[in-house]
Structures are given as structure tokens and as C-alpha cells.
Amino acid sequence: MEEIILKARNLKFSYEGSGHMALNDFSLDIPRGAKVAFLGSNGSGKSTFFLCCNGIYRPESGTLYYNGKPMDYSRKGLLDLRKKVGIVFQDPDNQLFSASVYQEISFGILNLGVSKEAAKEAVERIMEEMDIASYREKPTHALSGGQKKLVSIADVLVMEPEIVIMDEPSSSLDPKHVRLVNQAVENMSAKGITVMMATHDVDYAFAWADEAVVIHEGRVLRQGPPQEIFADPALLHTANLTRPAVMEMYDILCRKGILNPDAPAPKKLEELLSRLTVL
Ligand code: ADP
Ligand code: MG
């Protein structure tokens, strides 16, 4: 049976003075090592949930379980949690505050009480991996949006987290940086890290995720394999989601008798095209 690394049960949370629930009976299970896409309109509660996952916000009621244990909101509990559950914020300017890239990435790990030498080694390794060593001395505010995003990811990875949460990582990035971010995400999964990602890119979510969570008005409407989620028109309508292009095209080609509907549906456009070229 798959192991659940993070479990939410009936979370409720509202921002002070807002008069409505940002999370309302919010429940889900995240399997260890999974690639989980969070889908839902702006304001549905994705970021609020993410901020609960590493204890920045504490739900008013309901329980979050990390590795089977209810979250510990003591100072030590939160420190331990933030090592293990890292968030890459949607806006890097909310994450980066140090004078240089090197200092930025060192900050968190030095705070853990790691020796200077061990921290240096870890920071150098992650800068190599993310290919950002060339701007190590640059102040973070002088970086491009894409570079800032890579530094934010390095910030989180240097802590060797078990879960990495990415809040709309590709919004406002150029195609080159989208590729670099996607590659970094692949590397995380290859290392066994659980990745939770909010995205509006249904094509990417469909191709990438092994689990999709549909959120609407502070609740989880449905959690399941993307193939099932995107095959449910009523669900997509409620959550204001569109179907992935590859699914639309596959359906049309099956209806026209060009492709065999009994074969497994392709997840990527390239897969669909390669089936067409062999015809
Ligand atoms: P999403 O990330 O899915 O776009 P959010 O979690 O940011 O959704 O927002 C959920 C709800 O909480 C929305 O109604 C939003 O307006 C509200 N909200 C989010 N952040 C704040 C905040 N800092 N103060 C007050 N309300 C907020
Ligand atoms: Mg958000």
C-alpha cells in the first residue's frame, strides 16, 4: 500500500476580517514520492493550503498530519517541519531577501546549525545542480524573474526536503526558464521528493502529474489520476478547467476512426503525433 506523507482532514481557515472561509472542510491525502498537480481558479484556496503545509498558517480547525503525526506547532516542531516541507513561492520577491545569491541559499541551512564547511559544500552542490553558480555574487534583486525562480528553488532544495511545494512556478517565466524549472522538478521526483504544484497549465498538469487535486471555493472537489479528472466534464465545468489539448485531439481522432480508442490515451502531444506518423 502506498504511504501517505501528508494528510489533511477537514481544514478550515479564514483570513482575518475577510468574512469567508479560504479553506472549508479541506481534506486530501498526498502519497510519498507523488507528483501532485493542484488545479482550481484564482482564489480557490491553493496558496492558503500550501502555507498551512509548512505551518506558516495554522488552520482554525481540522488537522494536518505529516508522516502520520499531527503537525507540531511548537517552535522546534515548526523548524523541523520547514526543513522537510519547502515552499517555492509564486513571487520570488516574497522569498529572496539576502544580499547575494550565495548568502541567500546559505541562510536557511546555516540556521539549521549546520557547520560552515558543510553548509558551503551543500550550497556549492545545489548551485552547480541548478546551474546558477555563475551569478553567486549578484544581489538577488538584480536577477531576472527566471533567475530568481531558480534561486528560490535552490533555497528550498539545499535543505534536502521531503516535500517541495511549487506555487504556480512557471507563471511569468520565459520558455527557457520554464524548461529549466520543469527539469528541476523532474530531478526532484527522480530523487524521491514529493512534489505538489499549483498550475493553470492543464496540458502540463496532464502530462506531468500522477495525481490531480481539484480545488474549488476552499474545498477539494476531487482527487485522482489526471486521466479520470479530465474525463469528467461536470467537474471541469464547476472548477472552470479546460481539457488538455492532447485529450481533445485524441478524442477527435478516435471518433474519426483514425486512432484506436482501446489503446491507452496519450499524455503528451509528442506521443499522439508519433502514433499518427506510424499510420
Ligand atoms: P489561490 O492560491 O487558489 O488563488 P488563495 O489561497 O490565494 O487562492 O485565496 C483563497 C481565498 O483567500 C481567496 O478568497 C482570497 O481572496 C483570500 N486571501 C488570500 N490571501 C489573503 C490575504 N493575505 N488576506 C485576505 N484574504 C486572502
Ligand atoms: Mg495562489
Based on Cα coordinates alone, diagonalise the gyration tensor for the range 152-279, multiply each eigenvalue by 5, take square roots, and list the semi-axes in whole Å, largest first. 29, 19, 13
Can you tell me the alpha carbon radius of gyration of the range 35-74 divided by the globular rule-of-thumb value 2.2 N^0.38 Å? 1.28
Any idea what angle helix 145-157 forms with the longest principal axis of the chain, computed on alpha-carbon atoms, 0 to 90 degrees, nearest 10? 70 degrees
From the C-alpha gyration tensor of the range 6-101, pull out the three semi-axes of the equivalent ellipsoid (sqrt of 5λ each), sorted largest to smallest, in whole Å. 21, 18, 15
For His216, His20, His141, order by how many other beta-carbon atoms lie within 10 Å, fewest first: His20, His141, His216
Mind jotting down the distance between the C-alpha centroids of the range 106-154 and the range 164-182, whole Å? 17 Å
Could you tally the net charge around Ser18, taking each other residue with its Cβ under 14 Å from the Cβ of Ser18, Lys/Arg +1 and Asp/Glu -1? -2
Residues with beta-carbon under 13 Å from that of Lys148, excluding Lys148: net charge, scoring Lys, Arg +1 and Asp, Glu -1? -3
Under 19 Å Cα-Cα from Lys35, which lysines qualify once same-chain neighbours fewer than 8 residues away are excluded? Lys7, Lys46, Lys84, Lys191, Lys267, Lys268
Rg(Cα) of the range 57-117 divided by 2.2 N^0.38 Å? 1.37
Expressed in µm² per second, the diffusion coefficient of the chain from the Stokes-Einstein equation, with Rh the Kirkwood radius over alpha carbon pairs, at 20 °C and 1.002 mPa s, is 107 µm²/s
Excluding Arg32 itself, calculate the net charge of residues whose Cβ lies under 13 Å from the Cβ of Arg32, where each Lys or Arg counts +1 and each Asp or Glu counts -1. -2
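Read-outs throughout are calculated quantities, based only on the coordinates presented, and are distinct from any laboratory measurement. All values reported here derive from a predicted model rather than from experimental measurement. Glycine also receives a Cβ, built like all others from the backbone with ideal geometry; neighbour counts cover every protein chain displayed.
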